[in-house]
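Shown next, in structure tokens, is the structure this report addresses.
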Amino acid sequence: MASLLLSTSPPHLHHLSSPRHRVPTLPSLPPLKPFKRTNFSPVLSHPKLATHVVYHRTIAKSSSIGSRETEDPIPDESPLGEDSAAFQLSAQKLSSWVYFTVILGSVLLALNVLWIDPSTGFGTAFVDSISNISGSPEVTMLLLMAIFATVHSGLASLRDPSEKLIGKRAFRVLFAGISLPLAMSTIVYFINHRYDGTQLWQIQTVPGVHELVWLSSFVSFFFLYPSTFNLLEVAAVDEPKMHLWETGIMRITRHPQMVGQVIWCLAHTLWIGNTVAISASVGLILHHLFGVWNGDRRLAIRYGKSFEVIKKRTSVIPFAAILDGRQELPKDYYKEFLRLPYVAITILTLGAYFAHPLMQSSSYNLHW
């Protein structure tokens, strides 16, 4: 290296190359060994940082749109997504939850006045108009599902341009304000008409069936999409974001909400055993299968190469990426579920089971 520097020295230093001023030759250095990239992720392995992951390589901010390319390629080991179901009580603001409570109460009041109450709302007229199309509960169930799915997925697909036009919080209010009444009408109609139609099998008295259906329904709620845990974002108290999740349930399946919905549908169809239950399950499953394609498409547009890397090491089919070696579970993987959001899900799921009689009586009172 020293000889190279001398050979390319400026003209005013050329006299140093004469015998009188010759610089002693430095010993040659051994060749440098190539740097070995190691699979090291201190953030995920550190227990104190496990619930608040900060990733060391960011491709793009979540607010920008478009394909992301960098000169430095991303190795498959680099963590790129967010830590799902992370919750720190110390980071919560009391004022934010006060706003959430006020917003939730306001939304429920508006929903009751504008949609549920037959004397003031449009819900009864909407359901009656759909049910009068054919008079068949199976067809009505499918139509209600199709309307909800079209509006819900359509608005989700328009999220990026809509947020640019009216803002993130305003779009979330619009999205929830339209989706929530349609979802409620579909659920109430299913509860009121679940035993209509043609009975295909009846196995409710078979030993073990009730336990199987109950356990399957319970497990299905643990496949909730991690974004549903962000209640402050759902209510637009915090600025809503499109998250790129990578840990927790995402290691098992990249589309947990779809998997949970399929489990729930199969369990309830087995229990009810008629054509109305089948039509509801078919509509729900088709909607969520479309959501698999549409969700991947939207994440690819938003996160580009970051999403493509995560897509390679996750799978839609549960456990497929783990079994073929693309996803390696940490030794303390169970800790990614020992978090407050999953405790809340457990309590709410048990509460919903014991509240079934109340839910049914409330639905019957609407006569939808």
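The values are calculated or read from the model by the stated rules, or taken from the named source; none is laboratory data. All figures in this text were calculated on a predicted structure; none of them were measured in a lab. Here the Cβ is made from the backbone with ideal geometry for all residues, glycine too, and neighbour counts use every protein chain on show.
May I ask you to verify whether Asn365 is under 30 Å from Ala125 (Cα atoms), assigned to a helix (DSSP H, G or I) and among the polar types (S, T, N, Q)?
Yes; evaluated as a whole, the condition is true for this residue.
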Subset of region 129-153 (residues that are exposed (fewer than 15 other Cβ atoms within 10 Å of the Cβ) and more than 14 Å from His287 (Cα to Cα)): Ser129, Asn132, Ile133, Ser134, Gly135, Val139
Every residue from region 193-246 that is assigned to a loop (DSSP other than H, G, I, E, B) and either among the basic types (Lys, Arg) or under 11 Å from the mean Cα position of the chain (by Cα) (or both): Arg194, Leu224, Tyr225, Asn230, Lys241, Met242, His243, Leu244, Glu246
Number of the condition not met by Thr198 [criteria: (1) touching a residue at least 60 places away in the same chain (Cβ under 8 Å); (2) out of contact with any Lys or Arg (no Cβ under 6 Å at 6 or more places or on another chain); (3) buried (at least 16 other Cβ atoms within 10 Å of the Cβ)]: (3)
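May I ask you to verify whether Leu323 is more than 17 Å from the chain's Cα centre (by Cα), loosely packed, with under 14 Cβ neighbours inside 10 Å and modelled with pLDDT of 95 or more?
Numbers: more than 17 Å from the chain's Cα centre (by Cα): yes; loosely packed, with under 14 Cβ neighbours inside 10 Å: yes; modelled with pLDDT of 95 or more: yes.
Spelling it out, Leu323 is indeed more than 17 Å from the chain's Cα centre (by Cα), loosely packed, with under 14 Cβ neighbours inside 10 Å and modelled with pLDDT of 95 or more.
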Cross-chain or 6+ apart pairs with Cβ under 7 Å, region 88-104 first and closer than 21 Å to Val343 by Cα, then hydroxyl-bearing (Ser, Thr, Tyr): Gln88/Thr51
Residue pairs meeting the criteria (Cβ under 6 Å; at least 6 apart or on separate chains; first over 16 Å from Arg298 (Cβ atoms), in region 143-167; second surrounded by 13 or more Cβ atoms within 10 Å (Cβ to Cβ) and aromatic (Phe, Trp, Tyr)): Leu144/Tyr189
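Rundown of residues vs (1) surrounded by fewer than 16 Cβ atoms within 10 Å (Cβ to Cβ); (2) farther than 23 Å from Ala183 by Cβ; (3) modelled with pLDDT of 90 or more; (4) touching a strand residue (DSSP E or B) at 6+ places or on another chain (Cβ under 8 Å), yes/no style:
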residue: Ser64; (1), (2), (3), (4): yes, yes, no, no
residue: Val102; (1), (2), (3), (4): yes, no, yes, no
residue: Val127; (1), (2), (3), (4): no, no, yes, no
residue: Leu155; (1), (2), (3), (4): no, no, yes, no
